[in-house]
Every structure is written in C-alpha cells, then in structure tokens.
Amino acid sequence: MRLGLSVAAVVLILDQISKFILLDVMRPEGVVNTPFFSDKIIEVLPFFNFRMAWNTGISFSMFDGGGSTTYILLAVQSAITVALVWWLRTLKGGLIQLASGLIIGGAIGNIIDRARWGAVADFFDFHVAGWHFATFNVADSCISIGVALWLLDALMNHGQHKTESKEPI
C-alpha cells in the first residue's frame, strides 16, 4: 500500500504544480478573477502546443454539461477513488500498486480541479497534419499509464489473480 500511496502523492503534486504554472502562463493579460479562458496557444514543437482547455465532462469531454452534471461527476469520481484506495490495501504486487497509485493520484488531481473550478484544466495538445489529439494534463497521462499497467499486470499475472471457486465447473 505504501508504494501506491507514495506514487499517488507524487502524481498529485506534479499535477497540481504543472496546473499552477500553466494556468499562470496561459492566463491572458488582464484576466484575474476567473480561470475560464481558452484563447492562448503556445507553440512548443511542430507537433506539440500548450493550449488552454477546460473539460467539464470526463475523458474526451464525454458527459460535458456543467451545472448539476459537475456535482454528479464529482461524487462519482470521489466514490471510485475512495474505493480504489480501499482496494489498494489488498494489493501485493509492485506493478499493480504502481498502476493504482498513478490512477489514484491522477484522479485526485482532477477531482481537485472539478471541486475548485467546476472543470478540469487541460494543456497538452499534440497534433499532426491538422488533426489534434484530445487536450490533456499530467493527471490524465498518469491515469492512462496506470490503466495500461493494470492491463499489463493482468496479462502477466493472469493465474495469480484468480480466486478459488468452491463450485465444480
């Protein structure tokens, strides 16, 4: 459990620091009181920009609606994250703890945004030939990597995660 919680703490810190810095850099001149701005794009590489985007939905802006949807998503995200932390207590393998820590830390980072602003701040914009991948942040990256590691662990440790069945097959 210690590994998972440590990873979650590091992810949360990196996510919040990156958002603090990028929100300051991306804030247009004269905008003070509201975080909701989206007109600034900083070109970094021919295929990568910093681009301000606010996601009021979940991944890839699904269920994007704001208002009461924000509170519902906040409640669901919080419940899932609490369940993941509870489940983390039972995990023995290092890879699955690492994966869970990445997911938990990323989820908490996005929960903080949603609770604070009603939306999640996204910045990283990868593009090629006019096509843009969904804008994302450090928390989203860690959640995606965590899920991929979960799948890898499931493939590598397939037989070890099975429970004993008392009924004959």
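The values are calculated or read from the model by the stated rules, or taken from the named source; none is laboratory data. These numbers were taken from a predicted model, which means no experiment stands behind them. Methodologically, a virtual Cβ is constructed for each residue, glycine included, from the backbone with ideal geometry; neighbour enumeration extends over all protein chains shown.
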Subject >> Test for PRO28: is it closer than 17 Å to GLY109 by Cβ, in a loop (DSSP other than H, G, I, E, B) and modelled with pLDDT under 80 >> reply: no
Original post:
Can you tell me which residue in region 128-148 is surrounded by the most Cβ atoms within 10 Å (Cβ to Cβ), limited to those that are out of contact with any strand residue (DSSP E or B) (no Cβ under 7 Å at 6 or more places or on another chain), not β-branched (Val, Ile, Thr) and not in a helix (DSSP H, G or I)?
Top reply: ALA134
Original post:
In region 76-127, which residues are among the hydroxyl-bearing types (Ser, Thr, Tyr) and in a helix (DSSP H, G or I)?
Top reply: SER78, THR81, SER100
Original post:
Which of the residues that make up region 118-131 are at negative phi and either among the hydrophobic types (A, V, I, L, M, F, W, C) or without any contact (Cβ under 8 Å) to a residue 12 or more places away in the chain (or both)?
Top reply: ALA119, VAL120, ALA121, PHE123, PHE124, PHE126, VAL128, TRP131
Original post:
Within the bounds of region 55-62, is there any residue that is within 25 Å of ILE17 (Cβ to Cβ) and modelled with pLDDT of 90 or more?
Top reply: no
